[in-house]
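**Student:** Please find one structure pasted underneath; my questions will follow.
The values are calculated or read from the model by the stated rules, or taken from the named source; none is laboratory data. Just so it is clear, the structure is predicted and the values come from calculations on it, not from any experiment. Every residue, glycine as well, gets a Cβ built from its backbone with ideal geometry; the counts of neighbours run over all protein chains shown. Note: areas computed on protein heavy atoms with side chains; ligands, DNA, RNA excluded. Shrake-Rupley method; radii C 1.70, N 1.55, O 1.52, S 1.80 Å.
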Amino acid sequence: MSSLHSSKSSSRSPRIAIIGGGPGGLVLARVLQMRGLTPTVFEQEASPTARPQGGTLDMHADSGQVALRLAGLDTQFSALARPEGQDERILDKTGAVVFEQRAEPGESHHPEIDRGDLRRLLLESLNDGVVRWGYSLRAVRPVGEGRHEALFDNGTTETFDLIVGADGAWSRVRPLLSEARPQYTGVTFVEVDFNDVDRRHPHLSALVGRGSMLALSDNKGLIAQRNSNAHVRVYVAARVPEDWVKVGIDLKDARAARATLLQLFADWDSSLLALLRDCEDSFVPRPLYALPVPHLWTTRPGLTLLGDAAHVMSPFAGQGANLAMLDGAELGVALSEAPDFETAVRRYEAVMLPRAQEAAMASAEGLEGAIAADAPRAMVEFVRRRQG
Ligand SMILES: Cc1cc2nc3c(=O)[nH]c(=O)nc-3n(C[C@H](O)[C@H](O)[C@H](O)COP(=O)(O)OP(=O)(O)OC[C@H]3O[C@@H](n4cnc5c(N)ncnc54)[C@H](O)[C@@H]3O)c2cc1C
């Protein structure tokens, strides 16, 4: 151990900063809290309700669910989860179903949960004061003996024995460990929504079913997911240049945005175009970025990364949040069990980095198969292979 201050046998309790209160950072905080350590999560958002979390996540049995078990939250998760959300259907642009899988009763391989419910579950499991809202990390600077000083936009400066970058794709901790930057994948999503879908849009409710519906063809896709409360989120996907949301489509003008998207999908079946015609008036851009694969760094005392900060990847293998949570849980276990933090971080990174590499390769393969000229053929093969 290079630093007395980061030793758990030191006279004072070690100071751990987790930058970012996403799924990964919150699981880490929860596991550390359960094991008698006292982390602080610094979150740039002003409050838990500053931004709707939106969307749905499937929690995989071998990652997200493992993390929830280590966080002691598996029972509460089961009460909130939607096993029927595991239903999956793939169509082509004519509306023909080319793959369909319905979840059997009791199946819990990857049940869905709303992001908002998951975040609330994690936040409510933390002691008061663990999360400090309105703290946006500006910079990190080494101050010797493996310790680092964090400077926040609100002018606060604090020194820590360990700083964990759980601050997502555009991490401000990552540059201290690696020069890598996320690269545009070539695919942009535009996010649209349907409220009260069963009553207001029964045809779309039937099209999407209880889980996910992916319509894929010609380097494009309409990916719809049912959330709770009869809400459906649709990702309109296209292979477009990185600056398309700036120069190719006006997403602030709902009429213009709708017209551009309808034009882009002009030769798709009318039943699918209803996903663009009838959605609410909000069009949110989500260009997809991924870190280079593999993304590796040399372990450095006093710093590490988890989740998207370490391995942001396209969402096509549905693993990002699951891995972030597993990273957080495993790092929490390592920090509480290893003789010192440096050993803990080394052990954690030795498992996390190769696992992330494998997942990132699968997600790149998923993206290439889904948003492809010959889609949905490769995507169907990919899903079948993933299911063994
Ligand atoms: C369209 C889409 C669909 C997806 N679907 C799935 C899916 O189905 N399944 C799945 O597993 N994954 C999915 N993902 C990926 C998933 O969203 C991410 O991998 C996951 O959220 C990463 O968690 P995280 O905790 O590492 O980071 P994040 O969720 O990005 O959280 C980072 C947190 O850090 C905060 N922050 C950022 N910068 C700072 C700063 N400077 N100072 C303080 N706080 C800061 C942010 O406000 C945020 O709260 C999807 C992603 C996209 C884009």
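**Student:** What do the square roots of 5 times the Cα gyration tensor eigenvalues come to for the stretch 48-175, in whole Å, largest first, as semi-axes of the equivalent ellipsoid? Could the numbers behind the result be given before it?
**Tutor:** Values: eigenvalues 289, 68, 41 Å².
Equivalent ellipsoid semi-axes, largest first: 38, 18, 14 Å.
**Student:** Same structure again: What percentage of the solvent-accessible surface of the stretch 296-375, computed with a 1.4 Å probe over protein heavy atoms, is contributed by carbon and sulfur atoms? Display every interim value, and only then the final one.
**Tutor:** Numbers: 1430 of 2550 Å².
Looking at the stretch 296-375 in its full context, I get 56 percent from C and S.
**Student:** Where only protein heavy atoms count, and the probe is 1.4 Å, what is the accessible area per residue for the stretch 183-290 in Å²?
**Tutor:** On the way: 4650 Å² over 108 residues.
Result: 43 Å² of accessible area for each residue.
**Student:** In what sequence, highest mean first, do 321-328, 299-306, 83-90, 263-270 appear when ranked by Cβ atoms within 10 angstrom? Each step should come with its number before you reach the end.
**Tutor:** Working: 321-328: 29.5, 299-306: 23.6, 83-90: 20.5, 263-270: 13.9.
Those peptides, ordered most packed to least, come out 321-328, 299-306, 83-90, 263-270.
**Student:** Ignoring ligands, DNA and RNA, what percent of the accessible area of the stretch 183-290 is carbon or sulfur (1.4 Å)?
**Tutor:** 49 percent
**Student:** Now for a separate question. What three numbers, in Å, describe the spread of the alpha carbons of the stretch 183-290 along their principal axes, ordered from the longest?
**Tutor:** Principal extents (Cα only, largest first): 37, 29, 26 Å.
**Student:** Excluding Ser271 itself, what net charge comes from residues whose Cβ is under 15 Å from its Cβ, given Lys and Arg +1 and Asp and Glu -1?
**Tutor:** -1
**Student:** In addition: For the peptides 331-344, 167-180, what is the packing order when you average, over each peptide's residues, the other Cβ atoms within 10 Å and list the highest mean first? Mind showing how you got there, number by number?
**Tutor:** Numbers: 331-344: 20.6, 167-180: 19.0.
My ranking of the peptides, most packed first, is 331-344, 167-180.
**Student:** Could I ask something else about it? From the helices alone, meaning DSSP H stretches of at least four residues, give me the mean residue ellipticity at 222 nm for the chain, per-run term -39500 (n - 2.57), in deg cm²/dmol to the nearest 500.
**Tutor:** After summing the helix terms and dividing by residue count, I get -10000 deg cm²/dmol.
**Student:** Whole number please: convex hull volume per residue, Cα atoms of the chain, in Å³.
**Tutor:** 137 Å³
**Student:** Still on this model: On the accessible surface of the stretch 99-173, probed at 1.4 Å, how many percent belong to carbon and sulfur atoms? Don't skip to the answer; put the middle values down first.
**Tutor:** Numbers: 1550 of 3650 Å².
Heavy-atom surface of the stretch 99-173 belonging to carbon and sulfur, 1.4 Å probe: 42 percent.
**Student:** Find out how many positive minus negative residues lie around Arg89, taking Lys and Arg as positive, Asp and Glu as negative, among other residues whose Cβ is under 15 Å from that of Arg89.
**Tutor:** It works out to a net charge of -3.
**Student:** While we're looking at this one, here's another question. So with the 1.4 Å probe, I'd like the accessible area per residue for the stretch 102-161, rounded to whole Å².
**Tutor:** 52 Å²
**Student:** Another question, then. Angle check, please: helix 341-370 long axis (alpha carbons) against the longest principal axis of the chain (alpha carbons), in degrees 0 to 90, nearest 10.
**Tutor:** Here the helix axis deviates by roughly 10 degrees.
**Student:** Can you give the % of DSSP beta bridges in the chain that are antiparallel, to the nearest 5?
**Tutor:** Roughly 75 percent of the DSSP beta bridges within the chain come out antiparallel.
**Student:** Rolling a 1.4 angstrom probe over the protein heavy atoms, how many square angstrom per residue are accessible across the stretch 291-388?
**Tutor:** 37 Å²
**Student:** Now, a different point. Find out how many positive minus negative residues lie around Gly24, taking Lys and Arg as positive, Asp and Glu as negative, among other residues whose Cβ is under 10 Å from that of Gly24. Walk me through the numbers on the way to the answer.
**Tutor:** Numbers: positive: none; negative: Asp167, Asp308, Asp327.
It works out to a net charge of -3.
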